[in-house]
Amino acid sequence: MIKELQLRVNLKEEETPNILLIKSAENLGMSRDKISGIKVLRKSIDARKPKIILNYKVAVYIDEPVPKTSEYTFDYKDVSKAKPIHIVGFGPAGMYAALRCIELGFKPIVLERGKNVQDRRRDLRAINQDHFVNEDSNYCFGEGGAGTYSDGKLYTRSLKRGDVRRIFENLVFHGATDQILVDAHPHIGTNKLPKVVQNIRETIIKYGGEVHFETRVIDFKIKNNKIHAIQLWNNAELPATRVILATGHSARDIFYLLHNKKIAIEAKSFAMGVRVEHPQHIIDSIQYHCSGKRNELLPAASYSLVQQVNNRGVYSFCMCPGGFIVPAATANGEVVVNGMSPSRRNNQFANSGIVVELNAAKDFPKYEHFGVLKALQYQKDLERLAFTAGGRTQTAPAQRLTDFIEGRLSVDLNPTSYQPGLKSAPLHALLPKLIGSNLRQGFKAFGEKMKGYYTAEANVVGVESRTSSPVSIPRNENLEHPQIKGLFPCGEGGGYAGGIVSAAMDGERCAEAAAVGL
Ligand SMILES: Cc1cc2nc3c(=O)[nH]c(=O)nc-3n(C[C@H](O)[C@H](O)[C@H](O)COP(=O)(O)OP(=O)(O)OC[C@H]3O[C@@H](n4cnc5c(N)ncnc54)[C@H](O)[C@@H]3O)c2cc1C
């Protein structure tokens with residue numbers, strides 16, 4: 001017999017060996033020897049009150065063994081001689097499109113502009129140390145896409161769009177910790193993600209798929225509104241009838257290409273702002289009601305904040321407890337920041353994007369002449385402004401949080417995790433009013449919600465501009481571009497995902513769509 005229970009465990013109890021067994025037996029009014037095992041189904045932390053509680057949902061196995069295997073299987077077939085589906089981009093969308101193709105009996109041929117995870121590391125070092133951005137291999141481009149050197153946070157709001165559990169199980173199948181199946185806010189960590197991504201690539205190749213790195217796609221050959229070939233950076237042409245376009249939100253050359261070829265794209269609303277960095281102990285003390293060090297049983301604390309300011313949302317985005325701010329530009333001449341964390345989230349800083357919602361229909365009047373590329377151009381200009389204000393390297397412009405809000409240049413800045421370094425700059429005056437003024441009001445409200453958040457010990461760093469795509473690529477109910485047969489816009493670049501899990505789910509869906517009638 002299996003009984004599901006909700007158990008509440010305080011931090012003192014958590015230190016007791018077999019506490020879940022003890023509590024389950026008490027709860028069921030039975031002897032402990034009757035219980036053959038306990039499987040944790042869900043774990044979350046309730047830190048709303050000073051007495052912190054760990055909430056467990058458990059399955060208690062009574063007189064029957066705990067099953068060892070997952071109910072999910074991945075039925076990969078040899079597809080080496082099967083019909084091909086071409087996939088452009090090897091981020092989460094491209095990776096999961098490729099895996100799904102194999103399950104469906106088609107051969108994925110992946111074309112990725114960046115390098116494999118190992119070689120990509122060298123280019124990340126060059127950005128951090130030499131301030132040089134390789135425009136094909138950086139924090140956004142390369143094996144695993146923008147998700148590889150990230151926090152690997154896996155929560156998604158897209159629960160209706162697909163089977164989230166299947167994606168999690170597949171990540172575990174490829175080497176992620178099975179803790180992600182249990183945690184209410186699962187994450188993998190940037191030190192573990194490269195191995196998972198490499199294992200996915202190895203599965204694809206083992207079953208007969210192909211993955212080509214340093215293979216940038218520069219054009220699509222179209223006849224009678226049907227795709228028939230892909231052109232590569234060296235002008236080689238690959239015949240292709242089904243192409244999943246999973247190039248992410250930073251592949252501006254792809255947006256320009258589609259626009260120049262008169263293949264419909266649309267301006268999309270998105271959000272931009274800054275990244276704020278606090279010492280982790282400040283966030284811990286606010287969230288866990290403690291002074292000094294947090295209890296060792298607790299992870300680095302996170303937060304999620306949202307405030308309506310002048311009828312638009314100002315909110316925290318991609319919060320990285322115990323993490324690092326990273327330079328996420330994809331070209332020289334721009335500064336873009338984002339965040340990542342190692343699996344243990346044990347760095348001394350907590351950072352988060354704090355961004356303002358921007359509406360593509362009304363917020364860019366001076367950019368109207370850019371047509372569907374107006375939001376992209378606005379984003380680009382802000383990134384160039386950050387580059388100039390940072391001193392024309394990957395050094396990022398920054399200000400103490402209190403100075404940003406009170407409108408004065410910072411005399412000096414706090415220590416930071418951002419490796420290329422920070423330069424004091426008057427972000428309060430440099431950012432467009434639409435962003436700067438709403439951010440300042442948002443931060444004030446956050447300081448009210450989290451006492452201690454508004455502090456001179458925090459820096460704001462510019463600019464957080466790649467929250468989602470400023471362009472979307474339309475598709476019909478068959479997930480095909482309405483004008484071009486055989487072209488399947490996919491993942492975050494198309495506007496169909498907003499993170500690792502939703503991109504992976506969209507990749508699977510696009511593979512299923514591309515396989516129809518092949
Ligand atoms: C630093 C950082 C941290 C993040 N942290 C998280 C997080 O913790 N949790 C989360 O859910 N999301 C996070 N994100 C966002 C997440 O990574 C993206 O939402 C997700 O990767 C989108 O997946 P995708 O496959 O659609 O696109 P991408 O991951 O952007 O992949 C697109 C791929 O296409 C390739 N490509 C582009 N153009 C071409 C071309 N012309 N030819 C061939 N290949 C091309 C690129 O090199 C890239 O590898 C983070 C992003 C960054 C940058």
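Pairs spanning more than 25 Å between alpha-carbon atoms, out of K43/K115; K362/K423; K223/K262; K115/K206; K261/K485: K43/K115; K362/K423.
What separates the Cα centres of region 330-345 and region 86-131 is a distance of 18 Å. Calculated on C-alpha atoms, the gyration radius of region 172-259 divided by its Kirkwood radius gives an Rg/Rh of 1.09.
Sorted from longest to shortest, the spans of the Cα atoms of region 376-441 along the three principal axes equal 32, 28, 16 Å. Working note: Karplus 6.51/-1.76/1.60 with θ = phi - 60° gives region 443-449 the couplings 4, 4, 5, 5, x, 6, 6 Hz, where Gly and Pro are set to x.
Taken over region 309-400, the ratio of Cα radius of gyration to 2.2 N^0.38 Å equals 1.25.
Which whole-number percent is the relative contact order of the chain (Cα, under 8 Å, 6+ apart)? Relative contact order of the chain: 18 percent.
Close amide H pairs (under 5 Å, H built 1.01 Å from N) link I218 with Q231, L232, W233, residues at least 5 positions away or on another chain.
Taking a ≥ b ≥ c as the square roots of the eigenvalues of the Cα gyration tensor, region 1-128 is classed as oblate, since a/c reaches at least 1.5 and a/b does not exceed b/c. Applying the Karplus relation 6.51 cos²θ - 1.76 cosθ + 1.60 with θ = phi - 60° to region 481-489 yields 3J(HN,Hα) values of 4, x, 9, 10, 5, x, 9, 10, x Hz, where x marks Gly and Pro.
Scaled to the globular estimate 2.2 N^0.38 Å, the Cα spread of region 260-357, given as radius of gyration, is 1.35.
Karplus-derived 3J(HN,Hα) values for region 497-507, using 6.51 cos²θ - 1.76 cosθ + 1.60 with θ = phi - 60°, are 7, x, x, 4, 6, 5, 5, 4, 5, 5, x Hz; glycine and proline are entered as x.
Under 14 Å Cα-Cα from K34, which aspartates and glutamates qualify once same-chain neighbours fewer than 8 residues away are excluded? Cross-link targets: E26, D63, E64. Between region 246-263 and region 467-502, the alpha-carbon centres lie 11 Å apart. Mind running the shape call on region 451-518? Use the C-alpha gyration tensor, a ≥ b ≥ c as the square roots of the eigenvalues: rounded below 1.5 for a/c, prolate if a/b tops b/c, oblate otherwise. Since a/c reaches 1.5 and a/b is larger than b/c, the shape of region 451-518 is classed as prolate. Backbone amide hydrogens, once placed in the peptide plane, bring L358 within less than 5 Å of F270, A271, M272, excluding anything fewer than 5 places away on its chain.
For region 161-211 versus region 10-33, the spacing of their alpha-carbon centroids is 32 Å. The aspartates and glutamates within cross-link reach of K195, meaning a Cα-to-Cα straight distance under 12 Å and a gap of 8 or more places when in the same chain, are E143. Its Cα gyration tensor gives region 1-55 an equivalent ellipsoid, and the semi-axes of that ellipsoid, as √(5λ) in whole Å with the largest first, are 22, 12, 9.
Each peptide in 184-193, 97-106, 138-147, 118-127 receives the mean, over its residues, of other Cβ atoms within 10 Å, and ordering these scores from highest gives 138-147, 97-106, 184-193, 118-127.
By the Cβ rule of 4.7 Å, the chain holds the following cysteines without a possible disulfide partner: C101, C140, C290, C318, C320.
Note that region 347-502 shows a convex hull volume over its alpha carbon atoms of 162 Å³ per residue. Across all directions, the shadow cast by the convex hull of region 79-137 built on its C-alpha atoms averages 4.4 square nanometres. For region 234-313, the orientation-averaged shadow of the C-alpha convex hull comes to 11.5 nm² (one quarter of the hull surface). A quarter of the convex hull surface defined by the alpha-carbon atoms of region 413-495 gives 9.1 nm² as the mean projection. Neighbour counting of Cβ atoms within 10 Å sorts the residues Y96, Y149, fewest neighbours leading, into Y149, Y96. Counting only Cα atoms, the size of the chain along its three principal axes is 73, 63, 41 Å, in decreasing order.
As a ratio to 2.2 N^0.38 Å, the alpha-carbon radius of gyration for region 287-339 is 1.59.
A cut-off of 5 Å between modelled amide H atoms, ignoring neighbours fewer than 5 places along the same chain, links G248 with E492, G493, G494. Straight-line reach from K268: taking Cα to Cα under 15 Å and skipping same-chain neighbours fewer than 8 places apart, the aspartates and glutamates in range are E357, D363, E368, E492.
Every number in this text was worked out from the coordinates using simple rules, so none of it is lab data. Since this is a predicted model, take the numbers as computed values, not measurements. For neighbour counting, all protein chains shown are included, and Cβ atoms are generated from backbone atoms with ideal geometry for every residue, glycine included.
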